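**Student:** Could you have a look at this structure, given as structure tokens, before my questions?
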Amino acid sequence: QKISFHRSQTLGYKNGFAFSRLPTVGIGRERLYVNQPSQAELEELSNQRPTLTYGPAKRPPPSGFVPAHVAFDKKILKFDAYFQEDVPLSTEEHFRIRQVGIYYYLEDDSMSIIEPAVQNSGLPQGKLLRRHRVPKNDHGEHYHWKDLNRGMNITMYGRTYRIVDCDPFTQVFLKSQGIELNPPEKMVFDPYTELRQMPLRKYITPSDFDKLKQFLTYDKQVLRFYAMWDDADNVFGENLPYVIHYYLADDTVEVREVYKQNDGRDPFPILIKRQRLPKTFVDKKKTFPSCVLEISDQEVLEWYTAKDFAVGKSTTLLGRTFFIYDCDEFTRNFYRDKFGITDFQPVEIKKKTLEEVPQVIPPYNGFGILEDSLQNCFSLFPKPPRKDIVKMLENDHKVLRYQVALESPNPEDRKRRFILSYFLSDDMISIYEPPVRNSGIVGGKYLGKTRVAKPGSTTENVTYYEPSDLAIGSTIEVFGHRFVITDADEYVLNYVESNAESFPAATLQSLREHFRPQQMLKETANSGIPMLGNSKQELDELIVQIQEELKLHKHLNSKNIQEAFLQCDKDGSGILDKAKFLALCDSLSVPTKAGLLNKV
């Protein structure tokens, strides 16, 4: 059993300096084998006796270490290569050859591919592959400069490049590293690019006519003709003036429109731009397209020249016939010297008088007010019709009300009563039907506020209903419905009497006859003269007795009684004979005492 647990001393001082030493024994002074030399080390020490005696042999100092990024700084291997790219959507080329430069950077074994930019190529060129270490396969290996050589194919990211040559530095470096270079190959060029650079072959024999001499002789010399284009036969066509310019330098023609101020046309001065105009075409085959973008000499048999233009003749240019009626002084001198023509008498153009087209106003469609709808026929931006402001201010809130009955073959419609309102401020009419209980007809607004024209009115001569046309017993027609005026307000009579000069005598007489019985009753009631043997006080007492008698019979409905009496009073006079009165009371179960009935 272990009883000693002492640890050996491993720290000490020597010459005033603290140092540590390896323990020779363990805890409890047990022998340690860790810090003791092994048997192999002891045998090696026994075999190296000279070393122990004279010390180890001296070795030369190692050479200076230079890192790769310093040794190969700015040292790049450049290879000339190309790759082939398919062109599927082109009829002129099926593939394209693109030349590139492969750069290998020795300092970090990275690579980049740059395509030199070609002007007007239409391709995204420049750096095709950024600088980085390019993987060689799926095992994690990368391309090394030992894998590059002339006359070989190299595949990077699915694209195969053909290396054809390298620069002199690359050639010297690879030879110094013991790599045998393949012979260089010729760079392959793009066939379509070379085809575009080749000059086009000309199969036309040069003409004896010198165009340069024509240009130098007739430069800035222009023949000017004044012409008219008659397009009056077409819809909205006119007789328009034009100026035809013939340029002697290149036999081109230009047609310009004469723009006048405030003529209502947009300023498009050029009708036909300056160009050579064909006069006679070659007989085309049936397979030749009917429309071509450019006309060449193969399609045209004859072009327009200066001989085809003359004063007093018509010329057809691109389907339009122009009549030349005059020319300027330079054109006269040119034709006189060149062709010997002396007849330049200008033709007088007679302007056709435009026939005045009568304005036909369409029939009124019934929507809105006639005057308001009629403004759409006079202006593109219609304005509201003018209103009589003085009349509106003088007759504001003045309304004439009449009671009208509907003329209809239907018996139910004959019993209907309406209130016709005539607004004096704007001469408009509205019709309202008072609701009647248990009649089966929904009352309310029958006609909105509008102006009503008389029968037989036209859009040219419209006559509207006026207050003078509204007499008792007269018939008015409102949009196909006929109404008979049966009653009116007292305000109507007062207004007509105050403005008797504006109303016919028949209208005033009908209103006076209608209101005469009521006025007589009022005058008799207001005066102290006995009425039918009874005084006014006795009449009031008689009314009170009748009302108390009716209250005793609670089953009676006063509204139904009132409606029945109004329906029997067809002429609206307020008077019933005794026989009708008794029959109506019996039908309504109204008690009729002989004493009260005689008093009534």
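**Student:** Which one of Lys351, Lys338 is in contact (Cβ under 8 Å) with a residue 24 or more places away in the chain, exposed (fewer than 11 other Cβ atoms within 10 Å of the Cβ) and among the basic types (Lys, Arg)?
**Tutor:** On the way: Lys338 fails: exposed (fewer than 11 other Cβ atoms within 10 Å of the Cβ).
Sole residue among the options that is in contact (Cβ under 8 Å) with a residue 24 or more places away in the chain, exposed (fewer than 11 other Cβ atoms within 10 Å of the Cβ) and among the basic types (Lys, Arg): Lys351.
**Student:** What number of residues within the range 379-392 are closer than 18 Å to Tyr422 by Cβ and exposed (fewer than 12 other Cβ atoms within 10 Å of the Cβ)? If you could, list the steps in order and put the result at the bottom.
**Tutor:** At the first step, the residues of the range 379-392 found to be closer than 18 Å to Tyr422 by Cβ are 387-388, 391-392.
Right, trim to exposed (fewer than 12 other Cβ atoms within 10 Å of the Cβ) and you get 387.
Count: 1.
**Student:** Quick test of your reading of the structure: Lys175 fulfils all but one of (1) free of Cβ contacts under 8 Å to residues at least 60 places away in the same chain; (2) within 30 Å of Lys350 (Cα to Cα). Name the failing condition by number.
**Tutor:** Going through (1) free of Cβ contacts under 8 Å to residues at least 60 places away in the same chain; (2) within 30 Å of Lys350 (Cα to Cα) one by one, Lys175 breaks only (2).
**Student:** Further question on the same structure: Could you list, ordered by first residue, the pairs with Cβ atoms under 6 Å in which the first is in the range 569-598 and within 23 Å of Lys559 (Cβ to Cβ) and outside the structural domain of Lys415 (by the TED database) and the second is at pLDDT below 70 and open to solvent by 50 Å² or more (accessible area, probe 1.4 Å), at least 6 apart or interchain?
**Tutor:** Pairs found: Cys585/Thr592.
**Student:** How do the pairs read when you match residues in the range 3-17 that are in a loop (DSSP other than H, G, I, E, B) with residues anywhere that are surrounded by 10 or more Cβ atoms within 10 Å (Cβ to Cβ), using Cβ under 6 Å and keeping only pairs 6 or more apart or on different chains?
**Tutor:** Sorted first by the residue in the range 3-17, then by its partner, the pairs are Ser4/Gly28; Phe5/Ile27; Phe5/Gly28; Arg7/Ile27; Ser8/Pro23; Ser8/Val25; Thr10/Arg21; Thr10/Pro23.
**Student:** Output the qualifying pairs, or none if there are none: Cβ atoms under 7 angstrom, residues six or more apart or on different chains, first residue in the range 428-450 and in contact (Cβ under 8 Å) with a residue 40 or more places away in the chain, second residue open to solvent by less than 50 Å² (accessible area, probe 1.4 Å) and among the aromatic types (Phe, Trp, Tyr).
**Tutor:** Final answer for the pair search is Ile429/Tyr422; Ile429/Tyr465; Ile431/Phe418.
**Student:** Could you tell me which residue of the range 461-508 is most open to solvent (accessible area, probe 1.4 Å), considering only residues that are acidic (Asp, Glu) and under 30 Å from Tyr364 (Cα atoms)? Reasoning before the result, please.
**Tutor:** Let us first name the residues in the range 461-508 that are acidic (Asp, Glu), namely 466, 469, 477, 487, 489-490, 497, 501.
From the residues that got through so far, the ones that are under 30 Å from Tyr364 (Cα atoms) too are 466, 469, 477.
Values: Glu466: 98, Asp469: 45, Glu477: 60 Å².
Here the residue is Glu466.
**Student:** Out of Tyr432, Tyr446, Tyr422, report the one residue that is at pLDDT 90 or above and open to solvent by less than 30 Å² (accessible area, probe 1.4 Å).
**Tutor:** On the way: Tyr432 fails: open to solvent by less than 30 Å² (accessible area, probe 1.4 Å); Tyr446 fails: open to solvent by less than 30 Å² (accessible area, probe 1.4 Å).
The conditions single out Tyr422.
**Student:** Suppose we filter Leu223, Leu174, Leu212, Leu181 for residues that are over 30 Å from Val87 (Cα atoms), surrounded by 16 or more Cβ atoms within 10 Å (Cβ to Cβ), not polar (S, T, N, Q) and not assigned by the TED database to the domain that holds Cys327; which single one remains? I'd like the intermediate steps shown before the answer.
**Tutor:** Values: Leu223 fails: not assigned by the TED database to the domain that holds Cys327; Leu212 fails: surrounded by 16 or more Cβ atoms within 10 Å (Cβ to Cβ); Leu181 fails: surrounded by 16 or more Cβ atoms within 10 Å (Cβ to Cβ).
Testing whether each residue is over 30 Å from Val87 (Cα atoms), surrounded by 16 or more Cβ atoms within 10 Å (Cβ to Cβ), not polar (S, T, N, Q) and not assigned by the TED database to the domain that holds Cys327 leaves just Leu174.
**Student:** Just to check your reading of the model, which residue among Leu123, Leu106, Leu89, Leu128 is more than 17 Å from Tyr157 (Cα to Cα) and surrounded by 16 or more Cβ atoms within 10 Å (Cβ to Cβ)?
**Tutor:** Numbers: Leu123 fails: surrounded by 16 or more Cβ atoms within 10 Å (Cβ to Cβ); Leu89 fails: surrounded by 16 or more Cβ atoms within 10 Å (Cβ to Cβ); Leu128 fails: more than 17 Å from Tyr157 (Cα to Cα).
It is Leu106.
**Student:** Taking only pairs six or more apart or across chains, which ones have beta-carbon atoms under 8 Å, a first residue in the range 244-255 that is without any contact (Cβ under 8 Å) to a residue 12 or more places away in the chain and farther than 11 Å from Lys273 by Cα, and a second residue that is crowded, with 19+ Cβ neighbours inside 10 Å and among the aliphatic types (A, V, I, L, M)?
**Tutor:** Taking only residues 6 or more apart or on different chains, not a single pair turns up.
**Student:** Here are the criteria: (1) of a type in the set (Phe, Trp, Tyr); (2) more than 30 Å from Gln221 (Cα to Cα); (3) in a loop (DSSP other than H, G, I, E, B). Tell me which single one Tyr432 does not satisfy.
**Tutor:** Of (1) of a type in the set (Phe, Trp, Tyr); (2) more than 30 Å from Gln221 (Cα to Cα); (3) in a loop (DSSP other than H, G, I, E, B), only one is false for Tyr432: (3).
**Student:** Hey, does the range 304-327 have a residue that's over 29 Å from Leu216 (Cα atoms), open to solvent by 80 Å² or more (accessible area, probe 1.4 Å), out of contact with any strand residue (DSSP E or B) (no Cβ under 8 Å at 6 or more places or on another chain) and part of a loop (DSSP other than H, G, I, E, B)?
**Tutor:** Among the residues of the range 304-327, not one is over 29 Å from Leu216 (Cα atoms), open to solvent by 80 Å² or more (accessible area, probe 1.4 Å), out of contact with any strand residue (DSSP E or B) (no Cβ under 8 Å at 6 or more places or on another chain) and part of a loop (DSSP other than H, G, I, E, B), which makes the answer no.
**Student:** Mind listing just one residue for me: the one in the range 396-419 that is open to solvent by 50 Å² or more (accessible area, probe 1.4 Å) and among the polar types (S, T, N, Q) and, of those, farthest from Thr463 (Cα to Cα)? It would help to see each step written out before you state the result.
**Tutor:** Within the range 396-419, the subset open to solvent by 50 Å² or more (accessible area, probe 1.4 Å) is 396-398, 401, 403, 407, 409-412, 414-415, 417, 419.
Subset that is among the polar types (S, T, N, Q): 403, 410.
On the way: Gln403: 23, Asn410: 30 Å.
Residue satisfying both the conditions and the ranking: Asn410.
For (1) closer than 24 Å to Ala71 by Cβ; (2) part of a helix (DSSP H, G or I); (3) not aromatic (Phe, Trp, Tyr), each residue gets a yes or a no:
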{"site": "Met111", "(1), (2), (3)": "yes, no, yes"}
{"site": "Val118", "(1), (2), (3)": "no, no, yes"}
{"site": "Gly122", "(1), (2), (3)": "no, no, yes"}
{"site": "Arg130", "(1), (2), (3)": "no, no, yes"}
{"site": "Lys146", "(1), (2), (3)": "yes, yes, yes"}
{"site": "Arg150", "(1), (2), (3)": "no, no, yes"}
{"site": "Arg162", "(1), (2), (3)": "no, no, yes"}
{"site": "Thr170", "(1), (2), (3)": "yes, yes, yes"}
{"site": "Asn182", "(1), (2), (3)": "no, no, yes"}
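The values are calculated or read from the model by the stated rules, or taken from the named source; none is laboratory data. What you are looking at is a predicted structure, and each value in this text was computed from that prediction instead of being measured. Glycine gets a Cβ as well: all are built from the backbone with ideal geometry, and neighbour counts include every protein chain shown. Side chains are part of the model used for accessible areas, which takes the heavy atoms of the whole protein and leaves out ligands, DNA and RNA. Shrake-Rupley method; radii C 1.70, N 1.55, O 1.52, S 1.80 Å.
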